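Data first, discussion second: the structure below is written as structure tokens.
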Amino acid sequence: MKRIVILISGRGSNMEAILRAAAAEKWSAQVVAVISNQAKAAGLETASTAGIPARAVEHVAYSDRAQFDQALSAAIDEYSPDLVVLAGFLRILTPAFVTRYHGRLLNIHPSLLPSFPGLDTHRRALEAGVKFHGATVHFVTPELDHGPIIEQAAVPVLDTDTEDTLAARVLEQEHGIYPRAVRDFIEGRYVLTEGRVVRHSS
Ligand code: GRF
């Protein structure tokens, strides 16, 4: 059984999508813990209800990013994960943290990277007038929202879209591609080679 730790900051709908897929598809992997940097994250409650150890490591309790990241990795390492999944985890991580989990740290970002790294992606996509928007699952590297791309899904941008309608359409896609990327990682269906993700044929 491979071991997965999921990091969240809020409602945790991507975490839920992963839990659902893991159960429905009987993955040979287990979500062994959910950790949030916000004690009030709704996703912690959802995880506990599902019987998964869920706890907060609050960034506000630490004087700087490096100390928080050290406390966070100490908490993560208690569960000896094969894979660490950022699912709506809204903290910038230090290079030391990212390096520690190199090749086993995934993130989902609500845009078609490399377009629109950072915050407010849906508003920025509308302002830019792009005709397609979407979501990206990628390996995390020290440069924010720039790591090797594993999965992407695109949605058309409609003239009638608001930030909310566009976000909802993208989120629906996130719930499809994130569980798939996690499952494929667990099953060893792709490798990270020279900074790019290469899928095995078959
Ligand atoms: C998602 O849109 C994710 O891409 C972004 O934050 C949102 C988190 O949603 N980073 P949830 O907590 O998974 O519901």
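In a solvent-free Debye calculation with one equal scatterer on each Cα, what is log10 I(q)/I(0) for the chain at q = 0.12, 0.13 Å⁻¹, listed in the order of the q values?
With one equal scatterer per Cα and no solvent, log10 I(q)/I(0) is -0.59, -0.70.
Using Stokes-Einstein with the Kirkwood hydrodynamic radius over Cα pairs, what translational diffusion coefficient do you get for segment 35-143 at 20 °C and a viscosity of 1.002 mPa s, in µm²/s rounded to a whole number?
Estimated via Stokes-Einstein, D reaches 139 µm²/s.
First check a/c for segment 93-194, with a ≥ b ≥ c the square roots of the eigenvalues of its C-alpha gyration tensor; if it is under 1.5, answer rounded, and if not, answer prolate when a/b is larger than b/c or oblate otherwise.
Details: a/c = 2.62, a/b = 1.68, b/c = 1.56.
Here segment 93-194 falls in the prolate category.
For the chain, which whole percent of the accessible surface, found with a 1.4 angstrom probe, sits on carbon and sulfur atoms? Walk me through the intermediate numbers first.
Values: 5180 of 10070 Å².
Roughly 51 percent, rounded to a whole number.
Using only Cα atoms, locate the centre of segment 81-106 and the centre of segment 125-144, then give the distance between them in Å, rounded to an integer.
18
Just to confirm a number: summing +1 for Lys and Arg and -1 for Asp and Glu over residues other than L119 whose beta-carbon lies under 15 angstrom from that of L119, what do you get?
Surrounding charge for L119 is -1.
Taking a probe of 1.4 Å, how large is the accessible area per residue of the chain, in Å²?
Dividing the accessible area of the chain by its residue count gives 50 Å².
With a cap of 13 neighbouring Cβ atoms within 10 Å, and only residues DSSP puts in a loop, list the trypsin sites (Lys or Arg not before Pro) found in segment 98-157.
Counting only loop positions with at most 13 other Cβ atoms within 10 Å, the trypsin sites (Lys or Arg not before Pro) in segment 98-157 are K131.
Provide the percentage of antiparallel DSSP beta bridges, counting only those with both residues in the chain; round to the nearest 5.
The answer is about 45 percent antiparallel.
Could you tell me the relative contact order of segment 2-199? Use alpha-carbon pairs under 8 Å, at least six residues apart, and round to a whole percent. Write down the numbers at each step before the final one.
Numbers: 367 pairs, mean separation 38.8, N = 198.
Once normalised by length, the contact order is 20 percent.
How much FRET efficiency would the formula 1/(1 + (r/R0)^6) give for T162 and R91, where r is the Cβ-Cβ distance and R0 is 22 Å, rounded to 0.05?
Efficiency at R0 = 22 Å is approximately 0.20.
Ignoring GluC sites (Glu not before Pro) that are buried or in helix or strand per DSSP, and keeping those with at most 16 other beta carbon atoms within 10 Å, what is the longest stretch of the chain between them?
It runs 79-142.
The values are calculated or read from the model by the stated rules, or taken from the named source; none is laboratory data. As the structure is a computational prediction, the values presented were derived from the model and not from experiment. Cβ: placed from backbone, ideal geometry, glycine included. Neighbour counts: every protein chain shown. Accessible surface areas use protein heavy atoms only, side chains included; no ligands, DNA or RNA. Shrake-Rupley method; radii C 1.70, N 1.55, O 1.52, S 1.80 Å.
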